[in-house]
1. Ranking request for peptides 74-84, 5-15: highest mean number of other beta-carbon atoms within 10 Å first, then the rest in descending order.
2. Just the ratio, please: alpha-carbon radius of gyration of the stretch 22-112 over 2.2 N^0.38 Å, N its number of residues.
3. Can you list, largest first and rounded to whole Å, the semi-axes you get for the stretch 1-48 by taking the square root of 5 times each eigenvalue of its Cα gyration tensor?
4. If you rank Asp85, Asp270, Asp28 by fewest surrounding Cβ atoms within 10 Å, what's the result?
5. Angle, helix 13-24 long axis vs. longest principal axis of the chain, Cα atoms, 0 to 90°, nearest 10?
6. What ranking, highest mean first, results for peptides 58-69, 120-131 when packing means the other Cβ atoms within 10 Å averaged over each residue?
7. Stretch Ser60-Gln107 to full length: gain in nm at 0.36 nm per residue minus the Cα-Cα span?
8. Under 20 Å from a point 7 Å along the Cα-to-Cβ line of Glu165: which residues of the stretch 95-125 have their amide N that close?
Amino acid sequence: MSINTVLVCGAGLMGHGIAQVCAVSGHDVFLYEPDRSRAEAGLGRISGNLERAVSKGRMSDEERRAALRHIRIADALGAAAAQADLAVEAVFEDEAVKRSLFSELDQRAPEHTILASNTSSISITRLASAVRSPRRRRFIGMHFFSPVPVMPLIELVRGAETSDESEQSIRELAGRLGKQVIVSKDRPGFIVNRVLMPYLVEAMRAYEEGLGTPEDIDAGVRLGLNHPMGPLELADFIGLDVCLHVMEVLHDGFQQPQFAPPPVLRQLVDAGYLGQKSGHGFYVYPREAKA
């Protein structure tokens, strides 16, 4: 099935990025938030991103205007869902919130509409149980990475009933978005977070034990392993609350100590120190430029 119109539910960090790449590739996009001001703020971030792309010579001003013409904001789900070939959920990583949204989408979207979740860790099969049985063939995990316009990967996750046709539709869309697809089985954390979280856990434990400062731990990884970011600054970038949630999903799913969230992470989250988005995490933001 050809995907022409995309409904993105959620205009935050991930949602506005997904809407942007879909619009730039020529797809009609509805950017939905029940609070219209949040949808307008998401559109404002997209506009700012595209203006910067023009100033850096990455796109023409006409391409910028064309992309913005493809985006409409919506604060009512019904009319937008009724026109969507694909609805992508990009709301907070809370299973109850996601299930409620998918149940409503199932009632409002046409039969052919594919429902996709941008979850980074929650079972796709479990989320799919929120919709009626016939829809589950058209339910899939479509995990983007932040920042969406820059990161070239989509992690595709099939639920127990996802059809080959739905997978193929998402693969074709990913190609038009300029993204590479990897396919994961429906296991806690999928592929990327299954590998990433123990790495972040160990860096946090090293800091917790006084092995080194955040700066030295991160510099050791950047310079010694040639990573673009150190693990603690990466955790701050992802969001410490998001890291904690994913670690909890992995630890609950596998019951293995390498996934257990370190006490220092819980303490930071309990204090409201969530990383870059709150201005404080393992570092205080804005940070001075690295030498």
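1. Values: 74-84: 17.7, 5-15: 24.6.
So the peptides 74-84, 5-15, ranked by packing, come out 5-15, 74-84.
2. In units of the 2.2 N^0.38 Å rule of thumb, it is 1.21.
3. Over the Cα atoms of the stretch 1-48, the ellipsoid semi-axes are 18, 12, 8 Å.
4. Numbers: Asp85 20, Asp270 9, Asp28 17.
Sorted ascending by nearby Cβ count, the order is Asp270, Asp28, Asp85.
5. 50
6. On the way: 58-69: 14.1, 120-131: 21.5.
Highest-to-lowest ranking by the protection proxy: 120-131, 58-69.
7. Working: separation 47, 0.36 × 47 = 16.92 nm, distance 4.00 nm.
Result for the pair: 12.9 nm of gain on full extension.
8. Backbone N within reach: 106-117.
Each value in this text was obtained by applying a stated rule to the coordinates, not by laboratory testing. Every value quoted in this text rests on a predicted model; they were computed, and no experiment measured them. Virtual Cβ from ideal backbone geometry, glycine too; neighbours counted across all protein chains shown.
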